[in-house]
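Colleague: Pasting a structure here, questions to come.
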């Protein structure tokens, strides 16, 4: 630790350096949650009556983030304090902490998984790359069609006013004709409608509307 930054801090200085109010500092001092390392006398009116150490300052900066920025309750903070008591004075600064749904979470050394400190429940982590690949695979399966339906145009009763659609889909042929007339290529159209194939686009091109 850099000895140049180690010092003694008054209540006013700590309030400025942590973002905590003097009232909050005094309340935590009174109820024993976080007390300054040094106390000159019982006269709270003296400006340097309570002296905070650099370690105190670090703890209070972390607690300000948890309590005032992330809305972690005092009940939760006290549970975390008890759970991390084996770390001594470093309980709030020794390891990286996260907040999930206003619960404090840490990286459990044994399993390398994130776990709520107070409840000891593991936090579900969502791998976004897996979600993306799974979604693409589900879309691919959803768009799978009988190859015999490719290039076939049918009419479905009570669907799109019985307008022609591509077999095995709900895509109106007229919609694809509009894309063709707008100058879209087969590849661009299929990019918009992944369930279609080149045979479907060619079938749309042969429609009188596309002539």
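Every number here is computed from the coordinates shown, using simple stated rules; none is lab data. Here the structure is a predicted model, which is why all the values come from computation and not from measurement. Please note: Cβ atoms are built from the backbone with ideal geometry, for glycine as well, and neighbour counts cover all protein chains shown.
Colleague: By how many nm would the segment from residue 21 to residue 95 lengthen if fully extended, with 0.36 nm per residue of separation less the alpha-carbon distance?
Modeller: Additional length available on full extension: 24.1 nm.
Colleague: Another question, if that's okay. What distance in nm separates the two pseudo spin-label positions at residue 70 and residue 154, each 7 Å out from Cα along the beta-carbon direction?
Modeller: Roughly 5.5 nm, to one decimal.
Colleague: If you don't mind, another one. Can you work out the FRET efficiency for the pair residue 35 and residue 113, with r the C-beta to C-beta distance and R0 = 22 Å, to the nearest 0.05?
Modeller: For residue 35 and residue 113, the calculated efficiency is 0.05.
Colleague: Ok, one more. Can you give me the distance in nm between label points at residue 146 and residue 188, each placed 7 Å from the Cα along the Cα-to-Cβ direction?
Modeller: Rounded to a tenth, the inter-label distance reads 3.3 nm.
Colleague: Right, here's the next one. Whole number please: convex hull volume per residue, Cα atoms of region 146-210, in Å³.
Modeller: 75 Å³
Colleague: Then there's this: Would you mind giving the three semi-axes, in whole Å and largest first, of the ellipsoid equivalent to region 61-115 according to its Cα gyration tensor?
Modeller: Each semi-axis is the square root of five times an eigenvalue, giving 17, 14, 10 Å.
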